[in-house]
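Working notes, beginning with the structure itself.
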Amino acid sequence: MPTNPIFNPSGDDAVENRSIWFGNTTNLMQLNDVRYSWAVGLYQQMRENFWIPQRLDITQDVTDYWNLTHEERYAYDGILSYLTFLDSVQTCNIPHLKSSVTAPEISLCMAEQISQEAMHNQSYQYIIETIIPPERRTKVYDFWRTDKVLKDRCQFIASLYQQYIDEPSSENYFTALLGDYLLEGLYFYNGFIYFYNLASRMLMPGSADIFKMINRDELSHVRLYQKLLPEAMEVFVHSKDRIYEMFATAVDHECLWTNHIVGNNILGITEGSTEQYTKYLANLRLKAIGLEPLYKEPKYNKSPYTHLERFSDTKKEAHTKANFFEATVTSYVMSSGLTGWDEI
């Protein structure tokens, strides 16, 4: 895959000649006129989603942590470690994919994604350093080292990206891009559901508030890849069988991990509901990129956690408007009503 030069004086940034990949870009951010107008609105929303974890009160969670059952604390620690890995690997991986993107408006969205992934890691650190006792923190950070299921999970996800780094072919680029979509669209959500489950029982509300904000950011990343992948399927040689295979493998791995860390040990979550939710999400993400659902049974067309998803308050326009226990504004929207780059 070609990567962009720092500056290409012979490039052509005319809108009609732009493409997401393989364009002849100057690599300058000429945003007065864009070909991919959807990227304008997405970037603006990503910027409006700006938030700071330290502004969210998690003091109640310090006490609640010790009111959790042993199984709930084990899941809390393990899921935090897993989510830390997901956003860490994205912070490292996205720049490699971005370096081959030749449409500046899309490159800008990916730059904002990198910033958000890094801030999510800061959020996890804020939770760990504030809520979890000092003697347990190292175990949380190193959970992936000591838990074989999580270590294997991390290595599998990273390997999809690493094969592109080791052999930067267009085929491996497409695989890494699809891997990003699976990460952003599938891997986070059983973890989010766990925190919303605790909050529904009046436990760890501050943690749930932070994950609402992260959830909102991740949905903007999902929308980015839902736009990129149909374009990529027009540009890169690929196999639909390979796409379905990657989705099926992702579902199997996600169910294996969630059943290992949560299983049937948490009130309101079962291995059956985990399978239904994960396959429901897979079908949802496939349909969003123009493909048929993988799991045909009717039960996989609906979420078993509708009663918990409402806690995220990320439906419709994906604006987290208020703490669901108090009417405290937590969206920190700085601007609205922008219609074009010239108004920024």
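Could you go through the range 260-272 and let me know if any residue there is in contact with a Cys (Cβ under 8 Å, 6 or more places away or on another chain), modelled with pLDDT of 95 or more, closer than 27 Å to residue 76 by Cα and hydroxyl-bearing (Ser, Thr, Tyr).
No, the range 260-272 contains no residue that is in contact with a Cys (Cβ under 8 Å, 6 or more places away or on another chain), modelled with pLDDT of 95 or more, closer than 27 Å to residue 76 by Cα and hydroxyl-bearing (Ser, Thr, Tyr).
Just name the residue that is farthest from the chain's Cα centre (by Cα) out of those in the range 248-298 that are among the basic types (Lys, Arg) and crowded, with 18+ Cβ neighbours inside 10 Å. Please lay out each step first, then the result.
First, pick out the residues of the range 248-298 that are among the basic types (Lys, Arg): 279, 285, 287, 296.
In the following step, the residues that additionally are crowded, with 18+ Cβ neighbours inside 10 Å were identified as 279, 285.
Details: 279: 17, 285: 13 Å.
Across the range 248-298, the extreme among qualifying residues is 279.
What's the number of the condition residue 238 fails, among (1) more than 29 Å from residue 46 (Cα to Cα); (2) at pLDDT 95 or above?
It is condition (2) that residue 238 fails.
Please give the number of the condition residue 313 fails out of (1) modelled with pLDDT of 75 or more; (2) crowded, with 16+ Cβ neighbours inside 10 Å; (3) among the acidic types (Asp, Glu).
Unmet condition: (1).
Cβ-Cβ distance below 9 Å, separation of 6 or more or different chains: which pairs start in the range 241-263 with a residue that is among the charged types (D, E, K, R) and end on one that is loosely packed, with under 14 Cβ neighbours inside 10 Å?
Cβ pairs passing all conditions: 245/239.
Could you tell me whether residue 227 is among the basic types (Lys, Arg) and surrounded by fewer than 21 Cβ atoms within 10 Å (Cβ to Cβ)?
Values: among the basic types (Lys, Arg): yes; surrounded by fewer than 21 Cβ atoms within 10 Å (Cβ to Cβ): yes.
In short, yes.
Run residue 232 past the list (1) small (Gly, Ala, Ser); (2) out of contact with any Phe, Trp or Tyr (no Cβ under 7 Å at 6 or more places or on another chain); (3) surrounded by 14 or more Cβ atoms within 10 Å (Cβ to Cβ) and report the number of the one that doesn't hold.
All conditions are met except number (2).
Name the residue that is surrounded by the fewest Cβ atoms within 10 Å (Cβ to Cβ), counting only residues in the range 7-30 that are aliphatic (A, V, I, L, M) and within 27 Å of the chain's Cα centre (by Cα).
Pass one, the range 7-30, residues aliphatic (A, V, I, L, M): 14-15, 20, 28-29.
Cutting the leftovers down to within 27 Å of the chain's Cα centre (by Cα) gives us 20, 29.
Numbers: 20: 21, 29: 12.
Among residues in the range 7-30 that are aliphatic (A, V, I, L, M) and within 27 Å of the chain's Cα centre (by Cα), the one surrounded by the fewest Cβ atoms within 10 Å (Cβ to Cβ) is 29.
For the range 6-26: of the residues being polar (S, T, N, Q) and out of contact with any Phe, Trp or Tyr (no Cβ under 9 Å at 6 or more places or on another chain), which is modelled with the lowest pLDDT?
Start the filter on the range 6-26 by keeping residues that are polar (S, T, N, Q), which leaves 8, 10, 17, 19, 24-26.
Now restrict to residues that are out of contact with any Phe, Trp or Tyr (no Cβ under 9 Å at 6 or more places or on another chain): 8, 10, 17, 19, 24-25.
Details: 8: 93, 10: 93, 17: 89, 19: 94, 24: 93, 25: 92.
Going through the qualifying residues, I end up with 17.
Tell me yes or no: at least one residue of the range 248-259 is under 20 Å from residue 224 (Cα atoms) and at pLDDT 95 or above.
The initial filter retains those residues of the range 248-259 that are under 20 Å from residue 224 (Cα atoms), namely 250.
Next, only the ones that are at pLDDT 95 or above stay: 250.
Looking through the range 248-259, at least one residue is under 20 Å from residue 224 (Cα atoms) and at pLDDT 95 or above.
Condition test on residue 181, is it surrounded by 24 or more Cβ atoms within 10 Å (Cβ to Cβ), in contact with a strand residue (DSSP E or B) (Cβ under 8 Å, 6 or more places away or on another chain), in a helix (DSSP H, G or I) and on the phi < 0 side of the Ramachandran plot? It would help to see each step written out before you state the result.
Values: surrounded by 24 or more Cβ atoms within 10 Å (Cβ to Cβ): yes; in contact with a strand residue (DSSP E or B) (Cβ under 8 Å, 6 or more places away or on another chain): no; in a helix (DSSP H, G or I): yes; on the phi < 0 side of the Ramachandran plot: yes.
When the stated conditions are applied, residue 181 does not pass them.
Collect the residues in the range 118-132 that are touching a residue at least 60 places away in the same chain (Cβ under 8 Å) and either within 18 Å of residue 28 (Cβ to Cβ) or crowded, with 18+ Cβ neighbours inside 10 Å (or both), keeping them in residue-number order. So that I can check it myself, show each step before the final result.
Going through the range 118-132, the residues touching a residue at least 60 places away in the same chain (Cβ under 8 Å) turn out to be 119-120, 122-123, 126-127, 130-132.
Selection gives 119, 120, 123, 127, 131, 132.
Could you please give the count of residues in the range 47-75 that are part of a helix (DSSP H, G or I) and either within 30 Å of residue 7 (Cβ to Cβ) or not aliphatic (A, V, I, L, M) (or both)?
Within the range 47-75, the first condition is being part of a helix (DSSP H, G or I), and the residues that meet it are 47-48, 53-55, 59-67, 70-75.
If we keep only those that are either within 30 Å of residue 7 (Cβ to Cβ) or not aliphatic (A, V, I, L, M) (or both) too, we end up with 47-48, 53-55, 59-61, 63-67, 70-74.
Total satisfying the criteria: 18.
The values are calculated or read from the model by the stated rules, or taken from the named source; none is laboratory data. Computed from a predicted structure; not experimentally measured. Every residue, glycine as well, gets a Cβ built from its backbone with ideal geometry; the counts of neighbours run over all protein chains shown.
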